[in-house]
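Read the figures in this text as sums done on the coordinates, not as results from a lab. If you're wondering where the values come from, they're calculated on a predicted model, not measured in any experiment. Because the Cβ atoms are built from the backbone with ideal geometry, glycine has one as well, and the counts that use them run over all protein chains shown.
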Amino acid sequence: MQKLRETSLDFSIATLNFLANIGIVLPYVLILFKYQQTHSTTYLIAIIVFYVARAASIFSTKRLNLKSSTYLILCLWLGVIGSAIYSVTSSLPWLVIGALCLGYTSANIWPYYLTIKLHLTSHTDFKLKRLYWLIFGVLGLLFVADFVFDLHYRLAFVILGALFLIALPAGRLLNQFSMAFYHEQTSSERQPIKLWRVLVFIVFFALIGLLTLLRKISLTIALPYVLGLVILAIILLNLELAADWKAMPANKLRIVNRGFLVSFVLLFNSFFGYFVLGKNGMYLIFVIYLIGFEGGQPLYASLGHHVSAQAKKLAQWGLILGHLLALTTIPALYIIGLLLIALYVGYENPAINTSVYTADENDPDLAIINKYRFSTYGGLLCQLSLFGLLVLVSGWQHLSLMQFFNPSTAVLKLSYLHAVAWPLLLISLLLSIITIYGQQYFKPSHPSQSRSN
């Protein structure tokens, strides 16, 4: 009986590890596939609600001043509720509720899981067993089966809900293990909620929802008004960023730049890659990002002979060179350029995690959440810059705003290259250079084995 219980807990922990790693993307992919299958306005609204909820949740979490371990359990329960809704109904009100639940879980399950894992790693001998990663692969095959046998994704949502349930014992176990950490840790003083920030939050994410809708349907709004919405959203985003600036004493610029680079590679270039690499460009960009993200830290550590300063310098020069190569849009150089940018993100990520978590000025229970908050600022800044440039080029060339997101011809390549790709790439390069030279004001950080999305 004891052995069976231990095996069940192992499976539960492995399931939690699986959900934490793929939770940020899997619910979105399933809802997106459901929309592509049905072309239903209902699922289109669900996608937009999910997207906005995921972006907004990282800013609204921690307001109840609960422990990260409690928030992790909350994420699992919301995952159960959201998955159950999508597996049994297509009613719009229920799908909106499900999207809100899954959006919150998708945004927060990894940061809270990583926070608890770091708590346990620093205070106990906790570590993931190889068995957990084996189960990770097996669980992934369950979702592949749904896609291959065309089971309309209902089975996938049933499986997803079941996995959230299975992971609950692991969540409770990690909560118990982390008690010793919380007994030793002094909680940060709870910050009062300010009305003006609530209003800015509501207006900003309403704008994000509207701009997301414009990407997905042919809604007719005069482009000057759309540009005005983009500018207003950028102003509100910067107000939010300024209000949160003191939440983390150091590394803020590095983290904002990290978020901008991730969106630049995965969002913009997944679309622009069509013009450079052909119809499979989106998939190639995703593979390039994964290779860079997973290989950046070990590659630069090896090239720098495991000397932190030398590896960091190589990664920074690689980042600058990557931008310059991507400017050429020559397919081979373009691929190398994006790979170098992704390798830098892969190198910086574990260093940032360790730096923010171990900094004496930071509350370790808030550090990773704050890291993702600033990273999301960077990602949203990239998306708004992209959308603003698209509005300008659409008005200038008398093009439909939707044409970039549904590319059908390479004739548009030069317009997008000159008016969108180059300006956005130069903004990214400028932000990266400012970040590199601004690091002299921050405390040095050291790479670690920590992983993040």
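Taking 0.36 nm per residue of separation and subtracting the current Cα-Cα distance, fully stretching the chain between Ile231 and Trp396 would add 57.6 nm.
The value given for the range 288-390 is a Kirkwood hydrodynamic radius of 14.9 Å, derived from the mean inverse Cα-Cα separation. For the pair Trp77 and Lys313, label points projected 7 Å from Cα toward Cβ lie 5.3 nm apart. Packing, as the average of other Cβ atoms within 10 Å across residues, places the peptides 67-80, 40-53 in the order 67-80, 40-53, highest first.
Per 0.36 nm of contour for each residue apart, how much would the distance between Phe177 and Leu290 grow if the chain were fully extended, relative to their Cα-Cα spacing? Don't skip to the answer; put the middle values down first.
On the way: separation 113, 0.36 × 113 = 40.68 nm, distance 3.21 nm.
Residue separation times 0.36 nm, minus the Cα-Cα distance, leaves 37.5 nm.
Based on alpha-carbon centroids, what's the gap between the range 91-108 and the range 238-278 in Å, whole number please? Each part reduced to its Cα centre gives a spacing of 24 Å.
FRET efficiency for the Leu210 to Trp422 pair, using the beta carbon distance and R₀ = 22 Å, is estimated at 0.20.
Listed here are the pairs Lys34/Lys413; Lys246/Lys371; Lys246/Lys312; which of them are more than 20 Å apart at the Cα?
On the way: Lys34/Lys413 30 Å; Lys246/Lys371 12 Å; Lys246/Lys312 26 Å.
Those over the limit are Lys34/Lys413; Lys246/Lys312.
Magnitude of the charge dipole for the range 228-332, about its Cα centre and with charges confined to Cβ atoms of Lys, Arg (+1) and Asp, Glu (-1), is about 200 debye. Dipole of the range 246-364 computed with +1 at Lys/Arg Cβ and -1 at Asp/Glu Cβ about the Cα centre; of Asn349, Tyr283, Pro298, farthest Cα towards the positive end is Tyr283.
Most tightly packed first, judged by the mean number of other beta-carbon atoms within 10 Å of their residues, the peptides 87-94, 335-342, 103-110, 165-172 read 103-110, 335-342, 165-172, 87-94.
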